[in-house]
Amino acid sequence: MSATNTNEPRYDWTHAEIQALFDLPFTDLLFRAQTVHRENFAPNEVQVSTLLSIKTGACPEDCKYCPQSGHYNTELEKEKLMEVQKVLEEAALAKEKGASRFCMGAAWKHPSEKDFPYVLEMIKGVKSLGLESCVTLGTLNDEQAKRLSEAGLDYYNHNLDTSAEFYDSIITTRTYQDRLDTLSRVRGSGIKLCCGGIMGMGEEQKDRVGLIRQLALMTPHPESVPINMLVKVAGTPLENVDDLDEFDFIRSIAVARIVMPKSHVRLSAGRQGMSEQTQALCFLAGANSIFYGEKLLTTSNPEANKDMMLFAKLGIKPEQREEHSDAAVVDAIAAQVVKQEESKLFYEANA
Ligand code: SAM
Ligand code: DTB
Ligand code: SF4
C-alpha cells in the first residue's frame, strides 16, 4: 500500500489497496482512520440530519431490502405525496430540535411531472427556514436535475447500495449504470452528492470493498457518504438474512473514512439495533454524521433525547452550518434536553 499524504483525496484506489485496509488489525485500522479524520475535521463534531418520508410505499422498484417496495407485503401504510405546508411544519420542528439538514425521501422510481413542482416548493421552504435541504426521489433526467439545482437544493441522495457484482441479486428493476447516470446528472447540475450503501445484505467482504471503491473513484468524492446497516423488515426478501458482525460494519466506516478523507461519513440506518458502545466505535472510526429523530423513513431510529444524551456522554457537539452560527442555540437545546431527561430519570427513581 502506498504511503501517501493522508490529507489529499485520491481517486485511484485499487481493489487490492482497499482490501488491504479491511484486512488490517482492528485497532491499526481505527487508529489510521481516526488520524485521517483529525487531519480533516473537528474531531468531536457530528453533523445532524433529520429524515422525512414525503411519499410512502407502493414503489415500483423491487429493492429486496426495502419496506416500501410494492413487490412485497410489509403491511406498510401507503401515503400519497405530503402537503407542502405539512412538510415545512416537520422541517421547522426538526430545526427546533437541533437538526442542520432536512432530508426528504420519496418512494418513486422517478418523480412525475405532476408531483415535481411541489417538491421544488418543499426545497425552497426548507431553505427559507435556514436548513440545508436534501431529497431522494429516484432516477432523474437532465431537466429535473437542473430544476432541483435552481430551487437551491443542497444535496441529492442516490445510493449505489452495494458492489456492481452483487447489485443484480438485490435489485432487478434498474441497473448499476442507471444509478451512475443519475449521479453524474446531479453532479453536472452543481448539487452536492449524498451516495453510499447498505451493509449486511448477505454480501461478502469483496462487495463491501467494491462499493467503497466505486464511491472513491468518483471525482470529487461524494460530499456525504451514508453507510447503512440493513434494517431487516418482515415481508421483505432479506428479512431473515444473517446478521453482519458489527466489527465488519465498523471496519466499513473506517475504510470509507480513509479513502474519502474529506467526505462526511454518515452512520445511517441501523443505529436502533446498535449499542451506544458500537456507535461510539463508529464515531472513532470516522463517522461524523447521523440521522436524528425518532423515525428514519418508515422504520424507527433512536429517540432524539437519547442521542443528545449519547452526545453528552461522548463530548460530541452537533456540527453547525458555516453560513449561520447559532451554535449557542443548539448547545442550549441539547443542554435542555439532557436536563429534562435527567430529571425524568430522577423522578422515576424516586417515585
Ligand atoms: N426511492 C429512492 C431511491 O431508492 O433512491 C429514495 C428512497 S430509498 C428508501 C433511500 C435509501 O434507503 C436506499 O437507497 C437504501 O440505501 C436505503 N434503505 C432502504 N431500505 C433500507 C433498509 N431496510 N435498511 C437500510 N437501508 C435502507
Ligand atoms: C440513506 O442512505 N439512508 C436513509 C436515507 N439515505 C434516505 C434511508 C434509510 C431507510 C431505512 C428504512 C426505512 O426507514 O424505511
Ligand atoms: Fe423504491 Fe427506493 Fe425502496 Fe428501492 S429503495 S423500493 S427505489 S423506495
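Of everything in region 75-98 that's within 16 Å of ligand 2 (Cβ to nearest atom) and among the small types (Gly, Ala, Ser), which residue is surrounded by the most Cβ atoms within 10 Å (Cβ to Cβ)?
For region 75-98, the residue satisfying everything is Ala94.
Suppose we filter region 181-210 for residues that are among the basic types (Lys, Arg) and within 15 Å of Ile253 (Cβ to Cβ); how many remain?
Number of matching residues: 1.
Restricting to region 1-35, name every residue that is within 19 Å of Ile227 (Cβ to Cβ) and modelled with pLDDT under 95.
Within region 1-35, just Pro9 meets the criteria.
When only residues in region 221-237 that are away from ligand 3 (no atom under 15 Å from the Cβ) and surrounded by fewer than 18 Cβ atoms within 10 Å (Cβ to Cβ) count, which is modelled with the lowest pLDDT?
Ala234
Here are some conditions: (1) away from ligand 3 (no atom under 16 Å from the Cβ); (2) closer than 23 Å to Ser300 by Cβ; (3) charged (D, E, K, R). Lys80 meets all but one. Which one does it not meet?
(1)
Can you tell me which residue among Leu140, Leu120 is at pLDDT 95 or above, over 28 Å from Ala304 (Cβ atoms) and within 15 Å of ligand 1 (Cβ to nearest atom)?
Sole residue among the options that is at pLDDT 95 or above, over 28 Å from Ala304 (Cβ atoms) and within 15 Å of ligand 1 (Cβ to nearest atom): Leu140.
Any residue in region 110-133 that is assigned to a loop (DSSP other than H, G, I, E, B) sitting within a Cβ distance under 7 Å of a residue that is polar (S, T, N, Q)? List the pairs, counting only those 6 or more apart or interchain.
Every condition considered, the pairs that remain are His110/Thr139; Pro111/Gln144; Leu131/Ser100.
Among (1) within 19 Å of Val265 (Cβ to Cβ); (2) within 19 Å of the chain's Cα centre (by Cα), there is one condition Arg179 misses while meeting the rest; what is its number?
It fails just one condition, (1).
Return the residue satisfying two criteria in turn: it lies in region 55-74 and is more than 10 Å from ligand 2 (Cβ to nearest atom) and closer than 17 Å to Asn159 by Cβ, and of such residues it is surrounded by the fewest Cβ atoms within 10 Å (Cβ to Cβ). Show your work before the answer.
First pass over region 55-74, keeping only residues more than 10 Å from ligand 2 (Cβ to nearest atom): 55, 58-64, 69-73.
The next check asks that each one be closer than 17 Å to Asn159 by Cβ; those that pass are 59, 61-64, 69.
On the way: Cys59: 21, Glu61: 19, Asp62: 16, Cys63: 24, Lys64: 19, Ser69: 25.
Result: Asp62.
So if I check each of Lys55, Lys64, which one is of a type outside the set (Gly, Ala, Ser), under 24 Å from Ile171 (Cβ atoms) and part of a strand (DSSP E or B)?
Of the residues listed, the single one that is of a type outside the set (Gly, Ala, Ser), under 24 Å from Ile171 (Cβ atoms) and part of a strand (DSSP E or B) is Lys55.
Give the residue that is nearest to the chain's Cα centre (by Cα), with candidates limited to residues of region 67-89 that are part of a helix (DSSP H, G or I) and touching a residue at least 40 places away in the same chain (Cβ under 8 Å).
Of everything passing the filter in region 67-89, Leu88 is nearest to the chain's Cα centre (by Cα).
Which residues, counting only those in region 156-186, are touching a residue at least 24 places away in the same chain (Cβ under 8 Å), more than 13 Å from ligand 1 (Cβ to nearest atom) and farther than 24 Å from Gly70 by Cβ?
Matches in region 156-186: Ser163, Ala164, Glu165, Arg185.
Just checking, how many residues over region 206-256 are in contact with an Asp or Glu (Cβ under 7 Å, 6 or more places away or on another chain) and not small (Gly, Ala, Ser)? Step through it out loud before you land on a result.
Initial filter on region 206-256 (in contact with an Asp or Glu (Cβ under 7 Å, 6 or more places away or on another chain)): 207, 210, 232-233, 235.
Pick out the ones that are also not small (Gly, Ala, Ser) and you get 207, 232-233.
Qualifying residue count for the region: 3.
All but one of (1) more than 15 Å from Met260 (Cβ to Cβ); (2) more than 18 Å from the chain's Cα centre (by Cα) hold for Val209, so report the exception by its number.
(1)
For region 99-122, which residues satisfy the criterion of being surrounded by fewer than 23 Cβ atoms within 10 Å (Cβ to Cβ), more than 16 Å from ligand 3 (Cβ to nearest atom) and not aliphatic (A, V, I, L, M)?
Within region 99-122, Ser100, Glu113, Lys114, Phe116, Pro117, Tyr118, Glu121 qualify.
Condition check ((1) in a strand (DSSP E or B); (2) within 16 Å of ligand 2 (Cβ to nearest atom); (3) hydroxyl-bearing (Ser, Thr, Tyr)) across all residues:
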| site | (1), (2), (3) |
| --- | --- |
| Ser149 | no, no, yes |
| Glu165 | no, no, no |
| Asp168 | no, no, no |
| Asp178 | no, no, no |
| Leu193 | yes, yes, no |
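The values are calculated or read from the model by the stated rules, or taken from the named source; none is laboratory data. Given the structure is predicted, the values throughout are model-derived calculations rather than measurements. As a convention, Cβ positions derive from the backbone with ideal geometry for all residues, glycine included, and neighbour counts pool all protein chains shown.
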